[in-house]
Amino acid sequence: MVQRFNADEIFSMGVQIEKNGFAFYSEAAAHTEDTDLRDLFQRLAEWEQNHVRIFENLRLKLPAAAKEEDVFDQDNMVHLYLKAVADNNVFVKGLALNPEALVWTSPVKVLTTALDFEKDSVVFFSSMKEVTTEKSGTLEVDKLVAEELRHIGFLTSEIRKLDG
């Protein structure tokens with residue numbers, strides 16, 4: 001049986017991914033001694049926090065059809081599944097937030113890791129769009145993907161600045 005998702009569920013995952021990104025950048029800031037880089041990571045964390053609000057607002061503006069459940073979910077299992085997928089696929093907490101992980105070895109490494117996460121989020125949401133019907137909000141999912149693509153452009157620019 002094919003599980004279909006609606007835009008509301010996908011935006012819910014987007015919110016979780018952005019929360020994970022906020023935690024990642026906050027942790028990077030905490031492990032960075034250079035003041036300019038710490039400020040950059042704090043700005044990125046704030047950016048992710050702002051994206052939480054953006055995705056929550058987009059989610060509130062979804063048409064009713066985009067919030068309809070395709071299956072009866074009495075025990076809220078679909079939501080729990082989607083949260084687990086978001087937690088374990090993009091800005092993975094277990095690896096990315098480990099202070100001993102190699103990710104913290106250099107600012108370029110942190111930003112490159114973040115860039116990889118952002119690319120993964122685009123693939124993730126684009127894939128989720130494939131299991132979402134037009135009635136359920138594929139155009140709204142496109143907005144989420146576009147926002148993530150802007151993250152990629154910004155991070156690429158910051159990496160180039162640091163790589164000189």
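Taking the range 151-164 as the range and being charged (D, E, K, R) and modelled with pLDDT of 90 or more as the test, the residues that pass are E158, R160, K161.
Looking at the range 134-150, which of the residues that are hydrophobic (A, V, I, L, M, F, W, C) and surrounded by fewer than 17 Cβ atoms within 10 Å (Cβ to Cβ) is modelled with the highest pLDDT? Step through it out loud before you land on a result.
Of the range 134-150, the ones hydrophobic (A, V, I, L, M, F, W, C) are 139, 141, 144-146, 149.
Applying the additional criterion that residues be surrounded by fewer than 17 Cβ atoms within 10 Å (Cβ to Cβ) yields 139, 146, 149.
Details: L139: 78, A146: 89, L149: 93.
If we take residues in the range 134-150 being hydrophobic (A, V, I, L, M, F, W, C) and surrounded by fewer than 17 Cβ atoms within 10 Å (Cβ to Cβ), then L149 is modelled with the highest pLDDT.
Candidates in the range 114-133 are the residues that are hydroxyl-bearing (S, T, Y) and surrounded by fewer than 21 Cβ atoms within 10 Å (Cβ to Cβ); of these, the one that is modelled with the highest pLDDT is S126.
Any chance you could count how many residues in the range 2-44 are outside any helix (DSSP H, G or I) and within 21 Å of E158 (Cβ to Cβ)?
Keep residues of the range 2-44 that are outside any helix (DSSP H, G or I), which gives 2-6, 31-34.
Subset that is within 21 Å of E158 (Cβ to Cβ): 31-34.
Selection size over the range 2-44: 4.
Selection of first residues in the range 45-57 that are touching a residue at least 40 places away in the same chain (Cβ under 8 Å) and of second residues that are of a type in the set (D, E, K, R) and part of a helix (DSSP H, G or I), restricted to Cβ pairs under 8 Å at least 6 apart or on distinct chains, gives the following pairs, ordered by first then second residue: H51/E18; H51/E147; I54/E147; F55/E18; F55/E147.
The values are calculated or read from the model by the stated rules, or taken from the named source; none is laboratory data. The shown structure was predicted, so the numbers you read here are calculated from the model rather than taken from an experiment. Positions of Cβ are generated from backbone atoms using ideal geometry, with glycine treated the same way; all protein chains shown enter the neighbour counts.
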